[in-house]
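Here's the structure, in structure tokens; my notes come after.
The values are calculated or read from the model by the stated rules, or taken from the named source; none is laboratory data. Worth saying up front: this structure is predicted, and the values here are computed from it rather than measured. Using ideal geometry, Cβ is built from the backbone for each residue, glycine included, and neighbour counts are taken over all protein chains shown. All accessible areas refer to the heavy atoms of the entire protein, side chains included, with ligands and DNA or RNA removed. Shrake-Rupley method; radii C 1.70, N 1.55, O 1.52, S 1.80 Å.
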Amino acid sequence: MAGKSAVPAVEVPVGEYRVRVSNPDRVYFPETGATKLDLVQYYLSVGDGIVNALRDRPCMLHRFPKGLPGGKVHQKRLPGGAPDWIPTVQLYFPRYGRTADELCVEKLADVIWAVQMSTIEFHPWNSRRFDTEMPDEWRIDLDPMPDCPWSRVQRVAGVVREVLDELGAVGWPKTSGGKGLHVYVRIAPRFGFQEVRRAALAFAREVERRAPADVTTAWRRKDRDPTQLFVDYNQNARDHTIAAAYSVRGVPEATVSTPVRWTEIPEVHPGEFTMKTVPARYAELGDLHAGIDEAVFDIEPLLEWADRDKIEVDLDEDSGD
């Protein structure tokens with residue numbers, strides 16, 4: 001795999017652009033045999049969906065230059081050699097005292113170029129280029145601990161929907177591509193990351209109150225029951241990112257973080273959604289998150305919960321446990 005490809009580069013038309021894909025036969029997923037060109041074809045098949053998930057958001061790339069066996073590169077900065085039509089946004093990282101120009105997808109050709117640069121996973125911010133310090137997406141990450149069964153994730157998802165319905169918020173669920181589930185809520189970009197995190201923690205605590213045997217909100221891993229589900233409110237912190245809807249995951253099975261209907265959650269398993277199966281599902285159902293921008297929720301009630309419960313979030317929590 002690491003050697004020079006015997007197959008010449010191909011040019012892939014993407015809208016008004018043509019993206020040159022080198023080493024199209026390089027096997028990225030040895031377990032399935034999926035190649036770089038297969039990955040390109042996958043992202044073309046879900047084009048509107050992946051662009052909708054990434055549009056105008058700073059995006060960290062998980063690149064695998066030699067395929068999965070060669071290891072992962074977490075890349076904030078846009079890879080070198082980008083054509084002048086690739087959009088970026090400049091971000092400042094206080095911890096390092098540096099800036100970085102990150103990919104900021106506007107069109108499908110931007111995604112395909114990133115795949116040409118060996119990107120498998122796309123991890124966008126929950127804010128947009130227009131004001132990167134003001135999130136417009138609240139993310140509910142249902143993160144199972146090592147001994148937490150999928151049935152518990154499914155059960156807690158029902159509680160999450162119950163609380164969202166009571167708040168009048170529309171949640172847009174998707175599998176994580178791993179063992180968990182994500183629910184996104186579009187919000188007005190009126191508050192900074194700290195306030196959105198406070199709101200997210202207030203919501204997580206309410207879910208924990210309703211399902212105490214299933215849920216934990218303890219931030220430090222050592223304080224969590226390994227059979228429980230962690231509601232990770234800190235995925236709303238600045239520069240914390242999770243795989244986008246329709247992003248392939250860099251795992252042997254090539255699973256995909258896939259939008260699902262609430263009514264499907266009791267029946268599905270995340271392992272069902274892969275590079276091979278999602279294109280047909282997408283062709284049948286379209287983008288299940290297509291309407292997310294029309295369902296904007298005001299987080300003021302959650303901030304009132306946070307005030308009531310005297311909830312504060314610690315900056316040290318950004319770095320995890």
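Residues of the stretch 173-213 that are farther than 14 Å from LEU302 by Cβ, open to solvent by less than 20 Å² (accessible area, probe 1.4 Å) and over 20 Å from the mean Cα position of the chain (by Cα): ALA211 alone.
For the stretch 11-45: of the residues being β-branched (Val, Ile, Thr) and in contact (Cβ under 8 Å) with a residue 40 or more places away in the chain, which is surrounded by the fewest Cβ atoms within 10 Å (Cβ to Cβ)? Write out each step before concluding.
Keep residues of the stretch 11-45 that are β-branched (Val, Ile, Thr), which gives 12, 14, 19, 21, 27, 32, 35, 40.
Filter once more, so that each one left must be in contact (Cβ under 8 Å) with a residue 40 or more places away in the chain: 12, 14, 19, 21, 27, 32, 40.
Details: VAL12: 20, VAL14: 19, VAL19: 21, VAL21: 18, VAL27: 18, THR32: 15, VAL40: 20.
The residue in question is THR32.
Here the stretch 247-287 is the region considered, the condition is being open to solvent by 40 Å² or more (accessible area, probe 1.4 Å) and in contact with a strand residue (DSSP E or B) (Cβ under 7 Å, 6 or more places away or on another chain), and the residue that is nearest to VAL111 (Cα to Cα) is ARG249.
Are any of the residues in the stretch 235-258 charged (D, E, K, R) and more than 19 Å from the chain's Cα centre (by Cα)? First the steps, then the outcome.
So the first thing to find is which residues in the stretch 235-258 are charged (D, E, K, R), and the list is 238-239, 249, 253.
Retained after the next criterion (residues that are more than 19 Å from the chain's Cα centre (by Cα)): none.
Looking through the stretch 235-258, none of the residues is charged (D, E, K, R) and more than 19 Å from the chain's Cα centre (by Cα).
Considering the conditions (1) under 20 Å from the mean Cα position of the chain (by Cα); (2) surrounded by fewer than 18 Cβ atoms within 10 Å (Cβ to Cβ), TRP125 is excluded by exactly one of them, (2). Of all the residues in the stretch 85-122, those that are open to solvent by 10 Å² or more (accessible area, probe 1.4 Å), part of a strand (DSSP E or B) and closer than 28 Å to ARG18 by Cβ number 4.
Here's the yes/no breakdown for (1) within 17 Å of the chain's Cα centre (by Cα); (2) in the same structural domain as SER22 (by the TED database); (3) farther than 24 Å from LEU201 by Cβ:
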{"residue": "ASP84", "(1), (2), (3)": "no, yes, yes"}
{"residue": "TYR96", "(1), (2), (3)": "no, yes, yes"}
{"residue": "GLU102", "(1), (2), (3)": "yes, yes, yes"}
{"residue": "ASP141", "(1), (2), (3)": "yes, no, no"}
{"residue": "VAL160", "(1), (2), (3)": "no, no, no"}
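Note on the stretch 46-82: among residues that are crowded, with 17+ Cβ neighbours inside 10 Å and in a helix (DSSP H, G or I), the one that is farthest from the chain's Cα centre (by Cα) is LEU68.
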